[in-house]
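A.B. asks: Next up is a structure, given as structure tokens.
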Amino acid sequence: MDKLDSRNKRKTKTTKSRVIEILLYLIVIIVLINIFLPLFFTILSMFKDKKEIFSLDFHIFPHQWTTDNFARLFYLQYTTIGVNFFQSFGMTLLVATISMVLSLFINSIAGYAFARLNFPFKKIIWVIVISTMFIPGITILLTSISVVSSLGMLNTILVLIVPGLANAYNIFFFKQFYLGFPKDYDEAARVDGCNSIEIFFKIFVPNSLTPMVIMGAGTFIGYYNSYLWPTLTIDKAHSQYTQIMTLINSLFQDINTVGYGAVLAASFISLIPAIVVFIIVQRFIKEGISLTGVK
């Protein structure tokens with residue numbers, strides 16, 4: 001009887017686990033459909049003309065495939081801003097790439113300094129740096145604009161890059177990662193005649209691929225998706241610095257002139273860098289999550 005009871009309990013547990021597993025798969029499928037279905041219809045609608053997009057005779061695939069919506073993006077100078085889509089797209093990629101490289105350098109070397117070096121008022125400075133993580137950006141927005149205006153940075157590429165380079169969370173992340181490095185590395189390098197800067201570039205940087213990729217991807221996407229700051233610091237007279245999110249918002253405001261298909265095409269093209277970045281860093285994400293728990 002005991003054996004039969006134990007078998008029945010095992011079967012019941014197995015049945016429950018299978019039911020739970022099936023439910024989880026269903027939830028995942030529903031979430032994926034919810035995410036990708038709008039994107040699927042967006043991609044198909046890019047190849048439809050305006051009449052077909054709003055036709056009451058709904059059909060999934062275009063009756064007549066057209067690339068006019070993409071062609072329009074090459075030559076159309078939008079009335080609300082006056083800049084071509086691909087000019088803005090290229091400028092946004094340039095700003096995001098430069099910012100990512102500079103941010104990685106600044107935040108990693110700052111994290112190294114807090115993790116390995118001793119300097120006056122280190123603890124006080126660290127508290128000040130960390131405290132900035134708890135200040136909402138919107139609360140210092142007007143002050144930040146006043147500062148960059150005083151420095152003569154408004155309506156320049158510098159205003160898009162410089163203010164966001166130093167990031168408390170990134171510094172904290174690098175510091176925690178570098179604290180996990182054995183101090184024997186430092187001592188051995190100093191015996192060989194290396195100073196602190198040489199130790200950083202020769203030992204710490206080459207062994208920091210995972211945090212560099214994770215933080216770099218986050219920084220790139222953050223700059224690429226930026227909307228409010230570029231909108232407030234770049235005016236229409238300097239449209240050559242217009243960022244992609246600002247431009248897409250302008251397209252929606254001028255959608256009757258631009259065309260729905262062209263706006264959908266611009267929105268989809270703007271997704272490509274984010275998708276590429278995710279594909280590149282996905283294998284580092286799991287390892288990066290585990291790094292946040294280091295010391």
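Read the figures in this text as sums done on the coordinates, not as results from a lab. In this text, all values refer to a predicted model and were calculated from it rather than measured experimentally. Please note: Cβ atoms are built from the backbone with ideal geometry, for glycine as well, and neighbour counts cover all protein chains shown.
A.B. asks: Say we join alpha carbon atoms closer than 10 Å with springs in a Gaussian network model of the chain; which of F85, F70, F201 then has the biggest fluctuation?
C.D. replies: Residue with maximal mean-square fluctuation among F85, F70, F201: F201.
A.B. asks: In addition: Counting only residues 5 or more places away or on other chains, whose amide H sits under 5 Å from the amide H of Y227 once H atoms are built in the peptide plane?
C.D. replies: Here nothing satisfies the definition.
A.B. asks: Further question: Stretch N225-K183 to full length: gain in nm at 0.36 nm per residue minus the Cα-Cα span?
C.D. replies: 11.2 nm
A.B. asks: Over the chain, with a Gaussian network built from C-alpha contacts below 10 Å, which listed residue (R190, R116, R18) shows the highest mean-square fluctuation?
C.D. replies: Checking each option, the largest mean-square fluctuation is seen for R18.
A.B. asks: Further question: Over the range 152-276, consider all pairs of different Cα atoms and compute the Kirkwood hydrodynamic radius from their mean reciprocal separation; express it in Å, one decimal.
C.D. replies: Final number for the Kirkwood radius of the range 152-276 is 17.9 Å.
A.B. asks: If you don't mind, there's one more thing I want to ask. Calculate the all-directions average of the projected area of the range 203-275's alpha-carbon convex hull, and give it in nm².
C.D. replies: Details: hull surface 26.2 nm².
Its Cα hull, projected and averaged over all orientations, spans 6.5 nm².
A.B. asks: Could you give the length gained on full extension between C194 and Y25, defined as 0.36 nm per residue of separation minus the Cα-Cα distance, in nm? Each step should come with its number before you reach the end.
C.D. replies: Values: separation 169, 0.36 × 169 = 60.84 nm, distance 5.42 nm.
Extra length available between C194 and Y25 comes to 55.4 nm.
A.B. asks: If you wrap the range 132-182's Cα atoms in a convex hull and average its projection over all directions, what's the area in nm²? Present the calculation step by step, with values, prior to reporting the outcome.
C.D. replies: On the way: hull surface 18.3 nm².
The orientation-averaged projected area of the Cα hull of the range 132-182 comes to 4.6 nm².
A.B. asks: Additional query: What distance in nm separates the two pseudo spin-label positions at I275 and L209, each 7 Å out from Cα along the beta-carbon direction?
C.D. replies: 2.7 nm
A.B. asks: Please list log₁₀ I(q)/I(0) at q = 0.13 Å⁻¹ for the range 23-117, using the Debye equation with identical point scatterers on the alpha-carbon positions.
C.D. replies: Values returned for q = 0.13 Å⁻¹ are -0.81.
A.B. asks: Could I ask something else about it? Just the Cα atoms of the chain: what Rg and Dmax do they give in Å?
C.D. replies: Calculated on Cα positions, Rg and Dmax stand at 25.8, 87 Å.
A.B. asks: Could you go through the range 219-231 in sequence order and give the Karplus-derived ³J(HN,Hα) for each residue, using 6.51 cos²θ - 1.76 cosθ + 1.60 with θ = phi - 60°, rounded to whole Hz, and x for Gly and Pro?
C.D. replies: Result, ordered by residue: 5, 4, 5, x, 5, 5, 8, 4, 10, 5, 4, x, 5 Hz.
A.B. asks: In whole percent, what relative contact order does the range 176-255 give with Cα contacts below 8 Å and a gap of six or more residues?
C.D. replies: Numbers: 22 pairs, mean separation 16.1, N = 80.
In percent, rounded to a whole number, it is 20.
A.B. asks: Compare N249, N34, N167 in a GNM of the chain, Cα atoms joined below 10 Å, and give the one with the largest fluctuation.
C.D. replies: Sorting by GNM fluctuation, first place goes to N34.
A.B. asks: For the range 88-185, count the residues as N, evaluate 2.2 N^0.38 Å, and divide the Cα radius of gyration by that value, please.
C.D. replies: With N residues counted in the range 88-185, Rg over 2.2 N^0.38 Å equals 1.26.
A.B. asks: Related question: Quote the Stokes-Einstein diffusion coefficient, in whole µm² s⁻¹, for the range 244-287, based on the Kirkwood radius over alpha carbon pairs, a temperature of 20 °C and a viscosity of 1.002 mPa s.
C.D. replies: The estimated diffusion coefficient comes to 180 µm²/s.
A.B. asks: How much length, in nm to one decimal, is gained on full extension between K123 and K50, taken as 0.36 nm per residue of separation minus their Cα-Cα distance?
C.D. replies: Here the answer is 20.1 nm.
A.B. asks: Moving to a separate point now. Residue-wise, which Karplus ³J(HN,Hα) couplings in Hz belong to the range 116-131, taking 6.51 cos²θ - 1.76 cosθ + 1.60, θ = phi - 60°, and x for glycine or proline?
C.D. replies: Once θ is set to phi - 60°, the couplings for the range 116-131 become 10, 9, 10, 8, x, 6, 4, 5, 5, 4, 5, 4, 5, 4, 5, 4 Hz.
A.B. asks: So, R0 is 41 Å and r is the distance between the beta-carbons of L102 and F36; what FRET efficiency does that work out to, to 0.05?
C.D. replies: The computed FRET efficiency comes out at 0.75.
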